[in-house]
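Undergrad: One structure is given below, represented as C-alpha cells, and several questions about it will come after.
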Amino acid sequence: MSRKIILDCDPGHDDALAIMLTVASPELELLGVTTTYGNVGLDDTTRNALQILELCGSHVPVYRGASLPLVRDRISAEFVHGKSGLEGPALPLPSRGAETTRAVDFIIQSVLENPHEVTLCPIGAMTNVATAMRLEPKIIPLIQEIVLMGGGTELGNWTPAAEFNILCDPHAAHIIFSSGANVTMFGLNVTHQALAMPQHIAAIRAGGNRTSLIAAELLEFFKVAYHQRYGYEGPALHDPCVIAYLIQPDLFKLEGMNVTVDISDGPSFGRTVCDIYNVLNLPENARVAMKVDADGYFDLIAKRLATLP
Ligand code: RIB
Ligand code: CA
C-alpha cells in the first residue's frame with residue numbers, strides 16, 4: 001500500500017524536483033500539495049506548484065497556506081530562485097487554480113481522517129504545519145511522521161548559524177521540534193553532500209522527456225546562484241532528499257538526537273542546535289540525516305523523472 005503524504009513547499013527549484021519525484025513514485029500517495037511563502041511570495045509559490053504538477057500530468061489538489069511567518073518579518077530568496085521563484089525554463093501558466101480550502105484546514109482534516117497514516121513533508125517555511133498543530137493539537141500524536149528539509153548540524157546558509165527554511169520562521173520550527181511529533185530532519189549537513197554535478201544534470205537531461213528536460217534547465221539556473229554565493233560546482237539538491245528517503249531510505253544514514261531551535265535574539269537566531277554527542281542528556285526528539293549516497297540519490301531522480309510525461 002502506498003504511503004500517504006502531504007508536500008508543504010515553496011517552489012523554488014529544488015521544491016520543483018521534489019514535486020516531480022513525488023509524482024513519479026508509486027510508493028507515495030500525494031494527498032495534496034500545500035504552499036507557503038518562502039523562496040518567493042505565496043502567490044508565486046502557489047502558481048509554481050500548479051505549473052510543475054501540470055508539467056508532470058498530475059491533478060493533485062493545491063492548497064494555499066501562510067503568506068507570512070508567525071512573528072518575524074518575511075525573508076525571501078529571489079536572488080537564488082529568480083523573481084518568479086522558478087526562473088530558467090519557460091513554463092505555461094497553469095490551467096487550474098488552488099482549492100478554496102486553506103492549507104492548514106486541509107492538513108488538519110487529512111490527519112484526523114487518516115490517523116497514523118499521513119506523513120507531512122515541509123520543505124519550505126514551517127508555518128503551515130506549526131499553525132495546524134496550534135489550531136488542532138489533537139493531530140500531533142496522529143501524524144505518522146514529519147519529514148522536513150531544514151536546519152543542519154553545522155553552519156547555516158542564510159546566516160552563519162541558520163538555514164533558510166528554519167530562519168523563515170524559527171518560532172514555527174520550534175513548535176514542530178518541541179511538539180513530540182515523530183520528526184525526521186534533512187539539514188544542510190546532508191543536503192550539501194548532494195550537489196547536482198554536471199554528470200548528474202546530464203543524466204537527468206538524458207531522460208529526454210519533457211519533465212526531465214525542464215528539470216535539467218531548472219538545475220542549470222539553480223547552479224549559477226550556488227556557484228556565485230558558495231563557489232560550489234553544483235547546486236545542493238535539498239528538498240528531494242525528503243522524498244528520496246521515503247522511497248529509498250537506504251540511501252541515507254540517520255542518527256537520533258535532541259534538536260532545539262534557537263529563538264533567542266542574537267547571531268544564532270534560527271539555528272537548529274543538534275546535540276550529536278548527547279552532552280545535554282536531553283530526550284531524543286528527531287532523527288537527523290547525516291550521510292547520503294549522492295550518486296545513488298541522483299540515479300534515483302534521473303530514473304524516476306524519465307517515467308514522467
Ligand atoms: O535552505 C534550503 C531550503 O531553502 C530549500 O528548501 C530551498 O527550496 C529553500 O526553500
Ligand atoms: Ca524549499
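Undergrad: Given a 1.4 Å probe and heavy atoms of the protein chains only, how would you sort Y277, Y232, Y245, largest accessible area at the top?
TA: Of Y277, Y232, Y245, the descending order of accessible area is Y277, Y232, Y245.
Undergrad: Enumerate the calculated ³J(HN,Hα) couplings along region 195-211 in order (Karplus 6.51 cos²θ - 1.76 cosθ + 1.60, θ = phi - 60°), each rounded to whole Hz, writing x wherever the residue is Gly or Pro.
TA: For region 195-211, the Karplus-derived couplings read 7, 6, 7, x, 5, 6, 5, 5, 5, 5, 4, 5, x, x, 7, 3, 5 Hz, x marking Gly and Pro.
Undergrad: Take the solvent-accessible surface of the protein heavy atoms, probe 1.4 Å, and return the percent of it on region 170-254 that carbon and sulfur atoms account for.
TA: Values: 1620 of 3000 Å².
Carbon and sulfur: 54 percent of the exposed surface of region 170-254.
Undergrad: Just the number, please: Stokes-Einstein D of region 174-304 in µm²/s, Kirkwood Rh from C-alpha pairs, 37 °C, 0.692 mPa s.
TA: Estimated via Stokes-Einstein, D reaches 202 µm²/s.
Undergrad: For region 1-101, taking Cα atoms only, what is the radius of gyration to one decimal and the Dmax to the nearest whole Å?
TA: In order Rg, Dmax, the Cα atoms of region 1-101 give 13.2, 42 Å.
Undergrad: Here's another thing I want to ask about it. If I take every Cα pair under 8 Å that is 6 or more residues apart in the chain, average their sequence separation and divide by the length, what percent do I get for the relative contact order?
TA: 20
Undergrad: Per residue, what accessible area does region 174-256 have, given a 1.4 Å probe and all protein chains present, in Å²?
TA: Numbers: 3080 Å² over 83 residues.
It amounts to 37 Å² per residue over region 174-256.
Undergrad: List the pair-distance distribution P(r) of the chain, using every Cα-Cα distance, as the percent of pairs falling in each 20 Å bin from 0 up to the bin containing the longest distance, rounded to whole percents.
TA: Bin by bin from 0 Å, the calculated values are 37, 60, 3.
Undergrad: Then there's this: Rounded to the nearest 10 Å², what accessible area does D295 have for a 1.4 Å probe in the complete protein model?
TA: Accessible area, nearest 10 Å²: 100 Å².
Undergrad: Let me ask another. Summarise the accessible area of region 4-119 (1.4 Å probe, protein heavy atoms) by the percent that is carbon and sulfur.
TA: Summing carbon and sulfur atoms, their accessible area is 51 percent of the total for region 4-119.
Undergrad: In addition: Residues of region 53-160: accessible area per residue at 1.4 Å, in Å²?
TA: In whole numbers, region 53-160 has 45 Å² accessible per residue.
Undergrad: Let me ask you something else. Going from the alpha-carbon gyration tensor of region 108-216, what semi-axes, largest first and in whole Å, does one get by taking the root of 5 times each eigenvalue?
TA: 30, 20, 11
Undergrad: Just tell me which lysines come within less than 30 Å, Cα to Cα, of K138; anything on the same chain fewer than 8 places away is out.
TA: Cα-Cα hits under 30 Å: K4.
Undergrad: Still on this structure: Helix-only mean residue ellipticity at 222 nm, the chain, DSSP H runs n ≥ 4 weighted -39,500 (n - 2.57), per residue, nearest 500. What is it?
TA: Counting only the DSSP helices, I get -11000 deg cm²/dmol.
Undergrad: Here is a further query. Once amide H atoms are placed 1.01 Å from N in the peptide plane, what residues at a sequence separation of 5 or more from T184, or on another chain, have their amide H within under 5 Å of its amide H?
TA: I146, V147, L148, R287
Undergrad: If the cut-off is 27 Å between C-alpha atoms, which lysines fall inside it for K223, apart from same-chain ones fewer than 8 positions away?
TA: Within reach: K83, K253, K291, K303.
Undergrad: Need one value: the accessible area of H174 in square angstrom, 1.4 angstrom probe, rounded to the nearest 10.
TA: Rounded to the nearest 10, that gives 70 Å².
Undergrad: Direction-averaged shadow area of the convex hull around the Cα atoms of region 22-70, nm²?
TA: So the Cα hull casts an average projection of 3.7 nm².
Undergrad: A follow-up question, please. If DNA, RNA and ligands are ignored and the probe is 1.4 Å, what is the ranking of D15, D43 by accessible area, most exposed first?
TA: From most exposed to least exposed: D43, D15.
Undergrad: What does region 234-309 give for Rg and for Dmax, in Å, if only its C-alpha atoms count?
TA: 16.1, 50
Undergrad: Heavy atoms of the protein only, probe of 1.4 Å, neighbouring chains included. What is the accessible area of E99 in Å², nearest 10?
TA: In the full protein context, E99 sits at about 80 Å².
The values are calculated or read from the model by the stated rules, or taken from the named source; none is laboratory data. Computed from a predicted structure; not experimentally measured. With ligands, DNA and RNA removed, areas are computed over all heavy atoms of the protein, side chains included. Shrake-Rupley method; radii C 1.70, N 1.55, O 1.52, S 1.80 Å.
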